[in-house]
1. If a residue must be loosely packed, with under 14 Cβ neighbours inside 10 Å and either more than 30 Å from Leu13 (Cβ to Cβ) or free of Cβ contacts under 8 Å to residues at least 24 places away in the same chain (or both), how many such residues does the stretch 61-83 contain?
2. I want to confirm something. Restricting to the stretch 10-35 and keeping residues that are polar (S, T, N, Q) and either in a loop (DSSP other than H, G, I, E, B) or farther than 26 Å from Pro101 by Cα (or both), which single residue is most open to solvent (accessible area, probe 1.4 Å)?
3. Answer yes or no as to whether Val97 is touching a residue at least 60 places away in the same chain (Cβ under 8 Å), crowded, with 16+ Cβ neighbours inside 10 Å and among the β-branched types (Val, Ile, Thr).
4. Could you list, in sequence order, all residues of the stretch 36-60 that are open to solvent by less than 40 Å² (accessible area, probe 1.4 Å), within 20 Å of the chain's Cα centre (by Cα) and β-branched (Val, Ile, Thr)?
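The values are calculated or read from the model by the stated rules, or taken from the named source; none is laboratory data. Everything numeric here is computed off the predicted structure, so don't read it as measured data. Ideal geometry is used to build each Cβ from the backbone, glycine not excepted, and the neighbour counts take in all protein chains shown. Calculation scope for accessible area: heavy atoms of the full protein, side chains included, ligands and nucleic acids excluded. Shrake-Rupley method; radii C 1.70, N 1.55, O 1.52, S 1.80 Å.
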Amino acid sequence: FPTRRSSDLEIILQGQELTVTVRVNNTGKVPLVIRDIQPSCGCIVVDGDQEMVIPPERYASVTLRYDSRKNVGRVEHSIRFWGNISPSGMAELRFDVHVVPDANYHHDYEEMFDKEESSRKLRDYLKSRGESSGMGYYVVR
C-alpha cells in the first residue's frame, strides 16, 4: 500500500472536494482479496466497489473523494483495507490534508461570548439548586 509523507500534504479551500486515486499493488503469490474499505470519517467516500480481487503481480485503483465542508486546518484521516493482507488482515492508508478557510470566514466573537455566558449562567444556576449526579449533569431537587 502506498504511503504519503507530510511533505505531500494537499492544501485545499474549505468546501472543495478532493479526489485521490490510490494504486493497490498485489506483490504476493496468491490473489489479494479486499473484503471491505473503511474510511475513518463520513467525509471520505469510496467510489466504486469496496470488494475486489487483485491477481498476483497486478494492481487495482481505488478512488476516494474527500468533502472538506466540515473541516478547517490540518486534517488526518485513515482508510482501512480489510482482506487477506499479511500479517493482520488489515492495511491502513493515512490521509493528510490542510483545509484553508475562505478569506471571508470569521468568528462572530459577540455571539460566541453570549453563548458561553449563557452556558456559565445555566451551570451556576444548576450548581446552586441541585447536586452532581456524577454522570456529567445535575439533578435539581
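1. 1
2. In this case the residue turns out to be Thr27.
3. Considered against the rule, which asks whether it is touching a residue at least 60 places away in the same chain (Cβ under 8 Å), crowded, with 16+ Cβ neighbours inside 10 Å and among the β-branched types (Val, Ile, Thr), Val97 comes out as yes.
4. Correct list: Ile37, Ile44, Val46.
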